[in-house]
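Have a look at the structure below before the remarks.
The values are calculated or read from the model by the stated rules, or taken from the named source; none is laboratory data. Remember, predicted model here, so these are calculated numbers, not experimental data. Here the Cβ positions follow ideal geometry from the backbone for every residue, glycine too, while neighbour counts run over all protein chains shown.
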Amino acid sequence: TSYGRIIGEVGSAMMLGGNIKWHTRTITTAITLETGKGDFALGIALGVILLAISLLLNIALSFLRRRAAD
């Protein structure tokens, strides 16, 4: 199920967001394209950055939610 969601998300990002380098390329499309070109190191590095952003955002929102509940 998660693989299908990933493919759907990347496909919709490529269709809606476009793929013009330095203008409309999103991080998910960049990961897909770099991996497709064989540059796995850059694809993994971008994936780690994406995971770090989502982790930091979740931690910040959890902190704000706890603070608002007090």
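When region 49-70 is limited to residues that are of a type in the set (S, T, N, Q) and within 25 Å of T29 (Cβ to Cβ), the one that is modelled with the highest pLDDT turns out to be N58. Contact map, region 13-34: first residue within 15 Å of I53 (Cβ to Cβ) and at pLDDT 75 or above, second residue in a helix (DSSP H, G or I) and among the small types (G, A, S), Cβ cut-off under 7 Å, separation 6 or more or different chains; pairs are T26/A13; T26/G17; T28/A13; I31/G43; I31/G47.
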